[in-house]
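Take a look at the structure below.
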Amino acid sequence: MTDTAIEAAALGKRFGGPSRSGGWALRDCSFRLPAASICAVVGPNGAGKSTLLAHAAGLLEPTEGTVTVLGAHPSATRERIAYVAQDKPLYPQLTVAETLRLGLELNPGRWDASLAERIVTDGDLDPRARIRALSGGQRTRVALALALGKRPELLLLDEPMADLDPLARHQLMGTLLAEAAEQGTTVVMSSHILGELAHACDFLLLVGEGRIRLGGAIDDLVAAHRLVTGRGPLTDALAPHTVIESRATGRGLTALIRPAGPVAPGWETAEPSLEDILLAHLRSPDAPALLTPSASVRSGSSDMSAAVTG
Amino acid sequence: MVEYRIDRRSGVATYLQIVQQTKQALRLGLLEPGDQLPTAREVVETTAINPNTVLKAYRELEREGLVEARRGLGTFVRRSLGAAAAGSPLRSELAAWASRARASGLDRDDVAALFASVLEEQFAERPGAGADESGAGQINETEGDKA
């Protein structure tokens, strides 16, 4: 078992034809996702979130760079991964029960029938109903039942909760996280709405224009930033720090910074929320990227645990 | 069994909400020594929050000596919290101070702001309270606990 769920090194993907970033959907993406993380992949529409997930699922080949999943090439780990695409592809002519049966047949030795059935029953779905007759939210439920029933080590969910009502969203997220906690599953969920993911996740990748702009354990990312408020010229007081964004507040200003040492006296500092950090970065596309140590690609492949002998 | 309610808009860190609600349950006698806290799985299933957040809250309660984790069994209450010293001299001093503050023309919000700022000053640097500042090491530890 490896302690890394996903590792990308200089990953780039170029689709044919010109587009706004010269055809590159992903460019120079490097990060490490530790196993057993619950990771949010956030970013504006078209940032490259889905392309990133599809690479981890082994459905796309990189144009340049590499992506490794559970210590191997994605195509070699397919049975240990579950991937739910944004459009939740299922066979429309099958019934709910037949779809779960398919899950059993396709995942011999792994399939957890009682879990899959419970997810479906929790939504009051008729097992005899055909997929084509289900609403979008009900289809999502069946797709999640298939994915969780597989008992994957890595679960990739592209915009999983978008078409669920608030109650179903809360309940399915609870089931998902409880299973992840018990099995040690790594979960990666993309969304352009942070709200629904902020409390569920402990790791974050912010994607923008095909690059990783922020990556790391959420606690580490929050600890790396400070909201400072004060009066006086910005440049003097905040010069040593990286200023992500600053805005006027009354006669003074409020800035989100990455402090490099103590902040000058007279400036009030506060811990920003994750939302503060994300919004500031979204409003400042030129802010430098930040990968915390937990998200940084390790040089070489030496196992850390080997160092802790005796 | 206590049930936690997470207010996503409160601005209070989620793990602190669990810590505070547990303490409140101890003060109100809803939890007594020997009682079991819900498992991380149970909390996660009902609240849809991150499992590590629950473990972090329980570690904080353990650090304060209020609960203990028994391996393979769960987390149990070790001691109760007295009903916030209802008749204590501290309370009457505070009451006297509050009435002086009111007499001197401060309104409720002024007093609350003053009190909050003194609290901040007096309790800011609690030794060992930096549980959320210690970064990556902390998180790796949690992953081990999860299995």
message: Please verify whether A:L282 is open to solvent by 70 Å² or more (accessible area, probe 1.4 Å), at pLDDT 90 or above and away from chain B (no Cβ under 11 Å), treating the condition exactly as stated.
response: yes
query: B:T46 fails exactly one of the following numbered conditions: (1) in contact with an Asp or Glu (Cβ under 7 Å, 6 or more places away or on another chain); (2) open to solvent by 60 Å² or more (accessible area, probe 1.4 Å); (3) farther than 30 Å from A:I38 by Cα. What is the number of that condition?
result: (3)
task: For B:R41, state whether it is open to solvent by 80 Å² or more (accessible area, probe 1.4 Å) and either under 17 Å from the mean Cα position of the chain (by Cα) or not hydroxyl-bearing (S, T, Y) (or both).
output: no
query: For the subset of the stretch B:1-32 comprising residues that are in contact with a helix residue (DSSP H, G or I) (Cβ under 9 Å, 6 or more places away or on another chain) and surrounded by fewer than 12 Cβ atoms within 10 Å (Cβ to Cβ), which member is farthest from the other protein chains (Cβ to nearest Cβ)?
result: B:E32
- request: Determine, yes or no, whether B:E93 is open to solvent by 80 Å² or more (accessible area, probe 1.4 Å), at pLDDT 80 or above and either in contact with a helix residue (DSSP H, G or I) (Cβ under 6 Å, 6 or more places away or on another chain) or among the charged types (D, E, K, R) (or both).
  value: yes
Subset of the stretch A:258-270 (residues that are part of a strand (DSSP E or B) and within 17 Å of A:L290 (Cα to Cα)): A:R258
query: Has the stretch A:88-99 got any residue that is under 25 Å from the mean Cα position of the chain (by Cα) and open to solvent by 20 Å² or more (accessible area, probe 1.4 Å)?
result: yes
field: Subset of the stretch B:49-69 that is without any contact (Cβ under 8 Å) to a residue 60 or more places away in the chain and more than 19 Å from B:L26 (Cα to Cα) - its residue that is most open to solvent (accessible area, probe 1.4 Å)
entry: B:T53
Scan of the stretch A:116-133 for residues that are open to solvent by 90 Å² or more (accessible area, probe 1.4 Å) and in a loop (DSSP other than H, G, I, E, B), ordered by number: A:D124, A:R128
task: Go through (1) assigned to a loop (DSSP other than H, G, I, E, B); (2) more than 14 Å from every other protein chain (Cβ to nearest Cβ) and name the single condition A:A10 misses.
output: (1)
task: Working carefully through the options A:A76, A:A82, find the one that is under 26 Å from the mean Cα position of the chain (by Cα), free of Cβ contacts under 8 Å to residues at least 12 places away in the same chain and closer than 25 Å to A:L52 by Cα.
output: A:A76
- line: When restricted to A:G71, A:G58, A:G43, the only residue free of Cβ contacts under 8 Å to residues at least 24 places away in the same chain and either at positive phi or surrounded by 19 or more Cβ atoms within 10 Å (Cβ to Cβ) (or both) is A:G58
- prompt: Hey, does the stretch A:171-184 have a residue that's more than 12 Å from chain B (Cβ to nearest Cβ) and either under 27 Å from A:A113 (Cα atoms) or modelled with pLDDT under 95 (or both)?
  reply: no
- line: Those residues of the stretch B:19-37 which are in contact (Cβ under 8 Å) with a residue 40 or more places away in the chain and either under 11 Å from the mean Cα position of the chain (by Cα) or not assigned by TED's automatic domain parsing to the domain that holds B:E64 (or both) amount to B:V19, B:T22, B:K23, B:L26
- prompt: Does B:T46 count as more than 17 Å from the chain's Cα centre (by Cα) and not in a loop (DSSP other than H, G, I, E, B)?
  reply: yes
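Please verify whether A:R110 is in the same structural domain as A:A47 (by TED's automatic domain parsing), open to solvent by 40 Å² or more (accessible area, probe 1.4 Å) and not in a helix (DSSP H, G or I), treating the condition exactly as stated.
Yes, satisfied.
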message: For a quick check of your reading: which helices (runs of 4 or more DSSP H) sit entirely within the stretch A:191-257 and have at least 1 residues that are open to solvent by 20 Å² or more (accessible area, probe 1.4 Å), modelled with pLDDT under 90 and more than 14 Å from chain B (Cβ to nearest Cβ)?
response: A:234-238
- line: Conditions (1) at pLDDT below 95; (2) open to solvent by 20 Å² or more (accessible area, probe 1.4 Å); (3) under 27 Å from A:L197 (Cβ atoms); (4) not acidic (D, E) -> A:G48 fails only (2)
Any chance A:L167 is surrounded by fewer than 17 Cβ atoms within 10 Å (Cβ to Cβ) and within 21 Å of A:L59 (Cβ to Cβ): no
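The values are calculated or read from the model by the stated rules, or taken from the named source; none is laboratory data. This structure is a prediction, so every number in the text was calculated from the model and none was measured. Please note: Cβ atoms are built from the backbone with ideal geometry, for glycine as well, and neighbour counts cover all protein chains shown. Protein only, heavy atoms only, side chains kept; ligands, DNA and RNA dropped before computing areas. Shrake-Rupley method; radii C 1.70, N 1.55, O 1.52, S 1.80 Å.
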